Structures are given as C-alpha cells and as structure tokens.
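Enquirer: Before anything else, here's the structure in question.
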Amino acid sequence: MCPHATGDSLPADKSEMVAIPLNGESSTSTTNGTNGAPAYGVNKQGIKKRGTWRAPDAHLNREVKNPYAARASDLLSNLSNFNIIESTLREGEQFANAFFDTKTKIAIAKALDAFGVEYIELTSPCASEQSRADCEAICKLGLKAKILTHIRCHMDDARVAVETGVDGVDVVIGTSSYLREFSHGKDMAYITKTAIEVIEFVKSKGIEVRFSSEDSFRSDLVDLLSIYQTVDKIGVNRVGIADTVGCANPRQVYDLVRTLRGVVSCDIEVHLHNDTGMAIANAYTALEAGATHIDTSVLGIGERVGITPLGGLVACLYAANPEYVKSKYNLPMLREIENLVAEAVEVNIPFMNPITGYCAFTHKAGIHAKAILNNPSTYEILKPEDFGLTRYVSIGHRLTGWNAVKSRVEQLGLQLTDAEVKDVTAKIKELADVRTQSMDDVDTLLRVYHSGIQSGELAVGQKEALDRLLRRHKAEAQGRAASPSVERSD
Ligand SMILES: N[C@@H](CCCC[NH3+])C(=O)O
Ligand SMILES: [Zn+2]
C-alpha cells in the first residue's frame, strides 16, 4: 500500500491540511460522493486526524500527490494545446474609446504577431471603406499569424471578405430568441440555409471558415447543436460559441463546450464577454472541456467591458503549464503590447492587471517579504523574469519586517548585525506610522544608522542618539541645498 493511503505519512505540502468531516458522517462512511471510496484517511480507531487527507482515488493504490492531478475527463482538456484568436483589431475596435488609424492597426498587428498569437481577427471589410483597405494592408504584411476577418452571415459580406486576402472568414449570426426577434428577425431555418450557403462559398475559395452563433448561452440548446452539427457535416473548420452578454458561468461553459465536443468533430472557438468578471475563468474552463480556440483582446477591450484579456488569459494558462506557454509566446512582449494599446485607446493599465499591473510583483508584508527572499515561489505563481519584469520588495511601511530590511542593507553594501537591523527596522516602522517612507527615505535612514554605528556615536536601542544623527543629517543636507557654492573648489 502506498504510504499516503495509510494517512501516516504525507508529502510535506499536505502535512498541514485538515480533514473536514461532512455533516453527520461516521468516519468509516466518509466517501467522495462518486465511487464510494473513502475521501479522507482514517486511523485505526476510525478517527479522522489532522494531516490525514487522501486523494479521492487513493483507493486505487496509486501514488497521487496532487488532488488536482489529471483525471480521465482531463483527456479532453486543451490547456496545453490551444490557439489564441486575437481580436483587438475587431472586438477591440468596438471599445467605446477605440479609434485605430491604419498606422496604429499595423503596429498592433505586428506586435501581436511578434508575441506569437496564432490568429489576428480584423473588423469586417464591409464596415467601411477604410476597414476594407486596412484589412488588405494587414494581409499584405506577410505575418506568421493567420489573418481572419469577421462578417455577418450574409453572402454580400462573404463576397467582399474573400477578396481581401485573408486566411479565413469568421461568420456570425444571432441565434437567441432575443436576437432573432429584436435584431435580425430571421428564424432558425433561414439561418441554417444561409449559413450553409456562406460556408460553402468561403470554402470554395480555399480559405478557412468559422461559423459562430451569437448569444449562445441564451439560445435553445437543440437549435444550437442542430446547426453546429449541420455546418460540421459540410466541412466548416471551426464552430464558435459566444457569451455575447457575459452571462455565463464556468459550469455552464464547461457543460456547453463538453456537449458540443461530443457532437462535432471540427475545432471549437469560444468568445466570452466579461460583464460579470468571468471571462478568464470561462476561457480556462472552455479549454478544459475541449475548446481549441480562445478569442482575446489586449487589456480585454471590446463592447461594454470587453472580452477575455490576452494578458490575463496568458497568466492563467502559464500557471497551468509554464513551459508550454513560454515555448509558445514571447512573454516579455506583453508589456509593450499592452502599453501600445493602452496608449492608442487612452486608458491606463489597471493596477490589478495580471502580470503588468504596477504592483503585480511587489511584496509588502514582512512575512511575505521574508519568505520571498528565501524562495520567490512561496508567494509568486508567475515568475517576473519570464515576462521580462522584476520583483520588488517594498520596505518603507509599517508592515515591514527585519528580513526584508536586512536584504536592502546587504544590497547597499552596509554591514550591520541582526540586532542592529532589527533596531533600525523599529525606526522605519515608527516613521512609517506617520507617513509611508520612500525607498530614498529608507536608504538614507539605513546609511545614517550605519555610519552612526561605525563611528561609535550609536548603539542598539539608543533612540535619542539616532534621532540626533537624523536631525544632524537633515540639517547638513539642507545646508548643502541652501549654499551650493561650498561644493565648489575655486
Ligand atoms: N462580438 C460578437 C461576436 C462573436 C463572434 C465570436 N467570435 C459577440 O460577442 O457575440
Ligand atoms: Zn463580442
């Protein structure tokens, strides 16, 4: 029997886990609710004890260290085999503040291509004459990414799209009763007939074609599966699911994608709006359920609050499989792309943005700082260096700890004992109770403290002596600022 099954010996990272009994259960009847196997370890007396957590499939005598490790259903998962359809130049153009001139569109397309997205989706050439010209210009750039354009499910649009030089055409039409009744006014029979016509026409031109419903999560499931099955049979390359109003939750996304995966053999794309903040989670779960393509935009810009953001999705998928994501994309380019788009649409990068938010790699609390300095993985799931960024430990505040201060002392090349570092840390906290200290303030304090110790004017615990040294330093600095001529040698 593997040691974990006895509950006596656990991997170190599980040793602090507490087995939580379900209501009214006896220890021996504890099950995981699916196969009758004990979900939690029991000792000989049948009493659950601290540290007796067991993986649900431990009864199979397998060495299972990670409760989230792959299960049979994970064979569907495309977390390590997906494509990004980057739609900043289509969905993103629908952001209220977006206006992209040709030069900006080309700069964004080139940056996305250098980052490594598999597809770039462009506004319909039927939207305006400039949109058509820009689409043609981007097709001529010779990028590695495939270029798609996005059209209504209509032959007039399809005829224009196939002449632009794109690698594929993304066709969309509303299927929910809301959109059928209040938007285009067509029934499912008409939609199906037109979809077949458009798909066969685009295919006849030798380019990719995707058929997507719109407002999929408020569409009738039978209608959806039936039209997807029809277009799959005539050889569509991808079918698309769109959470157009951002109403779906991860379980609904999993269920719909999983069901569709069993019905069609073509690729499955998902397009997820972020109205309730679910867009990244929904994209993740769509991949788990077997989706193959995810729509993104830089910073998530799009209609209303937009769609799955490229950076957030990359962060989430990096956490799932860092090596795969690193091998696929030029991660250090992410910051440049986000800055480019932020500037173009005149917004700031949100402070809580994954990866590039201004404090994404800043550690503050003393306990965190100490652990981070010993091993960054303690409080970081993303490695800043993989994104060309740097970790920062903030120390000029009342939550600071002496370990973080010691690290700064060493960076500055100062020699202080641990007792002295603790002493100067107390002073930082005292000052930070009045106002947060800048890095400059902290460095000055450390230098003054250090020279006081060196000269013998200061010893641990001599608060008044330290205050005197600080006052003297301040006066000298002010004197230098008031009479700069004393610095001159002539
Ligand atoms: N922006 C539209 C189009 C979706 C097409 C899927 N890529 C929507 O959210 O429904
Ligand atoms: Zn959309």
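Enquirer: Report the label-to-label distance for R468 and T436 in nanometres (one decimal), using points 7 Å from each Cα along the Cα→Cβ vector.
Expert: If labels sit at R468 and T436, their model points lie 3.4 nm apart.
Enquirer: Test of understanding: ordering I85, I381 by Cβ neighbours within 10 Å, fewest first, what list do you get?
Expert: Ranking I85, I381 by Cβ neighbours within 10 Å, fewest first, gives I381, I85.
Enquirer: Could you tell me whether region 362-479 comes out rounded, prolate or oblate from its Cα gyration tensor? Rule is a ≥ b ≥ c as square roots of the eigenvalues, rounded for a/c under 1.5, then prolate if a/b exceeds b/c, otherwise oblate.
Expert: Cα axes put region 362-479 in the prolate bin.
Enquirer: What are the GluC sites (Glu not before Pro) within region 276-364 that DSSP puts in a loop, where the Cβ has at most 10 other Cβ atoms within 10 Å?
Expert: Answer in residue order: E346.
Enquirer: With a sphere of radius 14 Å drawn around the Cβ of G277, what net charge do the other residues whose Cβ falls strictly inside it have (Lys, Arg +1; Asp, Glu -1)?
Expert: -1
Enquirer: Shifting gears a bit: Considering only DSSP states other than H, G, I, E and B, which GluC sites (Glu not before Pro) in region 360-417 qualify as loop sites with at most 16 other Cβ atoms within 10 Å?
Expert: Hits after loop and neighbour filter: E380.
Enquirer: Could I ask something else about it? Obtain the nm distance between the two label points defined at S455 and E476 by a simple spin-label model: each point lies 7 Å from its Cα along the Cα-to-C-beta direction.
Expert: Here the modelled spin labels are 0.5 nm apart.
Enquirer: Sketch the reach of a paramagnetic label on F99 as a point 7 Å from Cα along Cα-to-Cβ, and name the residues of region 312-349 whose backbone nitrogen lies under 14 Å away.
Expert: Zone members listed by number: 344-346.
Enquirer: Compute, for region 362-479, the length of the dipole vector about the Cα centre, with Cβ point charges of +1 (Lys, Arg) and -1 (Asp, Glu) only. Units Debye, rounded to 20.
Expert: 220 debye
Enquirer: Looking at region 122-217, which trypsin sites (Lys or Arg not before Pro) are in a loop (DSSP not H, G, I, E or B) and have at most 13 other Cβ atoms within 10 Å?
Expert: K140, K144
Enquirer: Another question, if that's okay. Starting from the alpha-carbon convex hull of region 182-250, give the projected area averaged over all orientations, in nm².
Expert: About 5.2 nm², averaged over all directions.
Enquirer: Something else now. Under 11 Å from the Cβ of C247, count the other residues' Cβ atoms, weight Lys and Arg +1, Asp and Glu -1, and hand me the total.
Expert: Spelling it out: positives minus negatives among the neighbours equals -2.
Enquirer: Please find the FRET efficiency linking D156 to A419, where r is the Cβ-Cβ separation and R0 is fixed at 60 Å, and quote it to the nearest 0.05.
Expert: FRET efficiency, D156 to A419: 0.15.
Enquirer: Then there's this: Which cross-chain or sequence-distant (5 or more) residues have an amide H under 5 Å from the amide H of H150, H modelled 1.01 Å from N in plane?
Expert: L122, S124, D170
Enquirer: Does region 153-216 come out rounded, prolate or oblate by the C-alpha gyration tensor, with a ≥ b ≥ c the root eigenvalues, rounded set by a/c under 1.5 and, if not, prolate when a/b is larger than b/c and oblate if not?
Expert: prolate
Values in this text are rule-based calculations from the coordinates and carry no lab data. Because the structure is predicted, anything quoted here is derived from the model rather than measured. Positions of Cβ are generated from backbone atoms using ideal geometry, with glycine treated the same way; all protein chains shown enter the neighbour counts.
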